[in-house]
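Reading through the structure tokens given below for one structure.
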Amino acid sequence: MELTTTLSEHVRTRLARAERIAVLTGAGISAESGVPTFRDPDGLWARFRPEELASMEGFLANPERVWQWYQHRRHVLESVQPNPAHRALVQLENLVGEVIIITQNVDRLHQRAGSHRVLELHGNLEDNYCSACGRPYCDDGSADDRLPPRCPSCGGLIRPAVVWFGEPLPADVFAAAERAARRAEVFLVVGTSCQVYPAAALPQIAWECGATIIEINPLPKPIGSIAHAVLPHKAGSALPALVEHIAWLRATGGTEQTTLPQR
Ligand code: APR
């Protein structure tokens, strides 16, 4: 993979010295693991209607269809693995004092790769809870065969622990994400279309607080105007190259104009 992006001296200096890096990830970082994105031409929203499958209204209108769709997405996850992009962020933790991953993804591939500080803005696909009383739900095999399962406490419909359109993000998680964006010296934006708020506001917040913004996306997005560097490549190759470059900068104090290692 030909990575010939030249990094400015400003970006190189920040990468060499930063002790706090925050990373906003979207579906694109999991694409090379085989997890479909949402807004690419072959993405989920090209085939399904988000209002029918990713909203409380859609769930209440057809609970079984929504439950089965999430069961299908869970099934897909059973056969996928973290890819080199996820693993590069784990390596980054060994180079930099504080690496906080702020993910919009619900696939838990960051955690499976070994990342330690992951903020899940949109929940996760592993857990479920009762849509009526909110109690966490664990399938102990005692449920009857109705789909979705019913809450053993109140009989309510069980739903996946993901944040649907029109629902608030977990307040504590978003507050931590905003804090991480404000503190970051370098803010990586990896594999997201930056179209869904409030997650999409985080790069701007980081930029306003003085962070160096680097975007990794084969089709760079609107944040281009605040990005100090854009790597128009897939995360599976660009992130390992970037982390390798950070290691080299810190090992050698690399000061001459450089291009990312050829891969
Ligand atoms: N490497 C890096 N980026 C990639 C790759 C890749 N291999 N493949 C695709 N991309 C980029 C696309 O160019 C696109 O900009 O990833 C982005 C994926 O955008 P979306 O599909 O919109 O996913 P995301 O930004 O995570 O969506 C945000 O929207 O539907 C909701 O809850 C859902 O969390 C999701 C949110």
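The DSSP beta bridges internal to the chain are antiparallel in roughly 25% of cases.
When the charge dipole of the stretch 1-98 is built from unit charges on Cβ atoms (+1 for Lys and Arg, -1 for Asp and Glu) and taken about the Cα centre, the candidate among 70, 43, 30 whose Cα reaches farthest toward its positive end is 30.
Considering only 194, 125, 149, the residue lying farthest towards the positive end of the dipole of the chain is 194, judged by Cα position with unit charges set on Cβ. Taking other residues whose beta carbon is less than 9 angstrom from the beta carbon of residue 31, and scoring Lys, Arg as +1 and Asp, Glu as -1, yields -1.
Computed extension length for residue 68-residue 165: 33.1 nm, one decimal, from 0.36 nm per residue of separation with the Cα-Cα distance subtracted. Distances between placed amide hydrogens fall under 5 Å for residue 38 paired with 44, all partners being 5 or more residues away or on another chain. Tell me, what ³J(HN,Hα) does each residue in the stretch 43-55 have, in order and in whole Hz, if you take phi through Karplus 6.51 cos²θ - 1.76 cosθ + 1.60 with θ = phi - 60° and put x for Gly and Pro? These are the phi-based 3J(HN,Hα) values: x, 4, 6, 7, 10, 10, 9, x, 5, 8, 10, 9, 8 Hz.
Take the chain and mark each of the chymotrypsin sites (Phe, Trp or Tyr not before Pro) that is in a DSSP loop with at most 16 other Cβ atoms within 10 Å; the longest unmarked stretch, sites excluded, is 49-164. Accessible-area rank, largest first, for 17, 47: 17, 47, with all protein chains present and a 1.4 angstrom probe.
Computed from the alpha carbon atoms alone, the convex hull of the chain holds 124 Å³ per residue. For the stretch 214-227, 3J(HN,Hα) computed residue by residue from phi via the Karplus equation (6.51, -1.76, 1.60; θ = phi - 60°) reads 10, 9, 10, 6, x, 10, x, 10, x, 5, x, 5, 9, 6 Hz, glycine and proline entered as x. Length gained on full extension, residue 197 to residue 42, computed as 0.36 nm times the residue gap minus the Cα-Cα distance: 53.6 nm. The residues of the chain have, on average, 46 Å² of accessible surface per residue, using a 1.4 Å probe with all protein chains present. Per residue of the chain, the DSSP helices (runs of n ≥ 4 H) give a summed -39500 (n - 2.57) that works out to -10000 deg cm²/dmol at 222 nm.
Need one number: the % of Cα-Cα pairs in the stretch 1-90 sitting beyond the 21 Å mark.
On the way: 2134 of 4005 pairs.
Tail of the P(r) past 21 Å holds 53 percent of the pairs.
The values are calculated or read from the model by the stated rules, or taken from the named source; none is laboratory data. Predicted, not measured: the structure shown is a model, and the values here were computed from it. A quick note on method: Cβ atoms are made from the backbone with ideal geometry, for glycine too, and the neighbour counts reach across all protein chains shown. Please note that ligands, DNA and RNA were not included when accessible areas were found on the heavy atoms of the full protein model with its side chains. Shrake-Rupley method; radii C 1.70, N 1.55, O 1.52, S 1.80 Å.
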